[in-house]
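Heads up: the structure comes next, in C-alpha cells.
The values are calculated or read from the model by the stated rules, or taken from the named source; none is laboratory data. These numbers come from a predicted model, not from an experiment. All Cβ positions, even for glycine, are placed from backbone atoms using ideal geometry, and neighbour counts span all protein chains on display. To get the accessible areas, we keep the full protein, side chains included, count just its heavy atoms, and leave off ligands, DNA and RNA. Shrake-Rupley method; radii C 1.70, N 1.55, O 1.52, S 1.80 Å.
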Amino acid sequence: MNLDTLTTRETQNDTGSIAGKSQHAPFWSVADILALLDAPFNDLIYRAQTVHRQYHDPNGVQLSTLISVKTGGCPEDCGYCPQAARYHTGVKNQNMLSLDEVVGAAAAAKAKGASRFCMGAAWRGPKQRDIEKMTEMVRAVKSLGMETCATLGLLKPGQAQQLGEAGLDYYNHNLDTAPEFYEEIITTRQYQDRLNTLREVRDAGINVCCGGIVGMGETRQSRAGLIAQLANLNPYPESVPINHLVQVEGTPLYGTAALDPLEFVRTIAAARITMPKAMVRISAGRQEMSDAIQALCFIAGANSIFYGDKLLTTDNPETDRDRTLMEKLGLHALS
Ligand code: SAM
Ligand code: DTB
Ligand code: SF4
C-alpha cells in the first residue's frame, strides 16, 4: 500500500468525523497504520507535514501547563505510574490542594504564556465531593481567561455534565496502549471502562483529550493499534497527547528497554495523518528528549506541549529551555 492511498482515507475519514452522524465502521485498520509506521521515514514525515499544513498554523504551538491537585496513594495498578500506592517510588502523597493554591499556579502559568491549565488527580475516579471541589477550581481557572482541562480518572454517569456546566473545556483520559497490550500494563480497570468515560465526556459536550504512552515495551504493531483506536473514535479526539514513558524507579516498567527516539517521531506522524484536525501533543518524556528529536516531532505534526517545569510528579523541561527551543525553531505560542 502506498502512502497516497492512505492520504485519501485520511480526507474521507475527516469528512465522516465532521458530519458526526451515526458511528462509522472503523476506518483506519491497524494494517493501514502499520503501513504508515513502516514507510520510509522521509515519506512518512513529508506526508505528515503536508497534512499538518492543510489544517494548522505550521509554526504555532499550543502550551498547556499541568498541576497535580491530588498526588499519590492511587489504588490502581498502572505499571508506568509513580503515583500508584502499591509501588514504592518515593512520591509523597498530597491531599487535595486548596482553591487558592490552584488559582495561584494557574495565574503563574498564564503569566508565562500557557493558554490551558490541566488539573490532574491520582484517583481511580472522583467521588461526588471531589467533583464539587473540582467544579470550583474549574470556574476559578476559567475566570482567569484560560482554557481548562481535568484528568481525574473514570467518570460515573452525570459527573462529566457537572464538570461541563462549570466550564470545563477538555477532559483528558488516555487509552494508553493497544487493546492487546493493555493487560500487560493495567489490570484494575478495563479498556472498555476507559471507552465508557470517553463517551460520557463526549456526550457532555466537553472536548476529548485522549492519547497514550509509547516506550512501554510494546511492538510497532501495538503502537499502530493505539493510533487506530484513537483515530476510529467518532469523532476522533480534539487533543491527542503522545507520552513517552518516563521511567520511574519502583514502577514495574522501570528498566524497560529504551525505544528508538525515531519511533516516537513516527508515532507522532501517524497521529497527525490519521487525526488531521487534532492538536497532537508531545507529552511526557520531553525532558529526556534532545532538541533535535523534538524538532522532528514538530515537523511530523506535533503542535502542542506541556509547558512548565513539572508534569504531575516528574520533571519537564524548564520554561527557559522551551522558550529557547521555540525561538530557535521560529515557533510561536498559540493563544
Ligand atoms: N488518575 C487519572 C487517570 O489515570 O486517568 C489521571 C492522571 S494519570 C497520571 C494521566 C495519564 O498520565 C495516564 O493515563 C498516563 O497516560 C500518563 N502517565 C502517567 N505516568 C506516566 C509515565 N511515567 N510516563 C508517561 N506517561 C505517564
Ligand atoms: C497526559 O497524557 N500526560 C500527562 C497528562 N496527560 C495528565 C501526565 C504525564 C505524567 C507523567 C508522569 C508524572 O509526572 O507523574
Ligand atoms: Fe492512578 Fe492514574 Fe496513576 Fe493509574 S495513571 S495509578 S489511575 S494516578
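Return a whole-number percent for the relative contact order of the chain, with Cα pairs under 8 Å and 6 or more residues apart as the contact set.
24 percent
For a quick protection proxy, order the peptides 166-175, 135-144 by their average other-Cβ count within 10 Å, most packed first.
166-175, 135-144
Using only the alpha carbons of segment 189-335, what is the convex hull's orientation-averaged projected area in square nanometres?
One quarter of the hull surface, i.e. the mean projection, equals 9.4 nm².
To the nearest 20 debye, what charge dipole does the chain have about its Cα centre, counting +1 at the Cβ of each Lys and Arg and -1 at the Cβ of each Asp and Glu? Write out the running numbers ahead of the final one.
Numbers: 32 positive and 37 negative charges, 123 e Å.
Computed charge dipole of the chain: roughly 600 debye.
Given q = 0.17, 0.23, 0.30 Å⁻¹, what are the Debye log10 I(q)/I(0) values for segment 145-190, with equal point scatterers placed on the Cα positions and solvent ignored?
-0.62, -0.85, -1.11
Of the peptides 199-209, 251-261, how do they stack up when ordered by the mean number of other Cβ atoms within 10 Å, highest first?
So the order, starting with the most tightly packed, is 199-209, 251-261.
Could you tell me the largest-minus-smallest coordinate of the C-alpha atoms of segment 32-330 on each of the three principal axes, in descending order and whole angstroms?
Reported extents, whole Å, longest axis first: 52, 40, 37.
Accessible area of T187, 1.4 Å probe, to the nearest 10 Å²?
90 Å²
If you count the DSSP beta bridges with both ends in the chain, what percent of them are antiparallel, to the nearest 5?
Working: 2 of 36 bridges.
Close to 5 percent.
By residue number, which cysteines of the chain lack any other Cys whose Cβ falls under 4.7 Å from their Cβ?
Within the chain, the cysteines lacking a partner Cβ under 4.7 Å are C74, C209, C210, C297.
With the dipole of the chain worked out from charges on the C-beta (+1 for Lys and Arg, -1 for Asp and Glu) around the Cα centre, which of G217, V103, P75 lies farthest toward the positive end?
It is V103.
Could you give the spread of the C-alpha atoms of segment 287-334 along their three principal axes, from largest to smallest, in whole angstroms?
Computed over the Cα atoms, the extents are 28, 18, 17 Å.
Can you show me the helix-derived [θ] at 222 nm for the chain, built from DSSP H runs with n ≥ 4 at -39,500 (n - 2.57) apiece and divided by the number of residues, rounded to the nearest 500.
Counting only the DSSP helices, I get -13000 deg cm²/dmol.
Based on alpha-carbon atoms only, what is the radius of gyration of segment 26-151 relative to the globular estimate 2.2 N^0.38 Å?
1.41
If you take the Cα Rg of segment 118-272 and divide it by 2.2 N^0.38 Å, with N the number of residues, what do you get?
Computed over Cα atoms of segment 118-272, the ratio equals 1.07.
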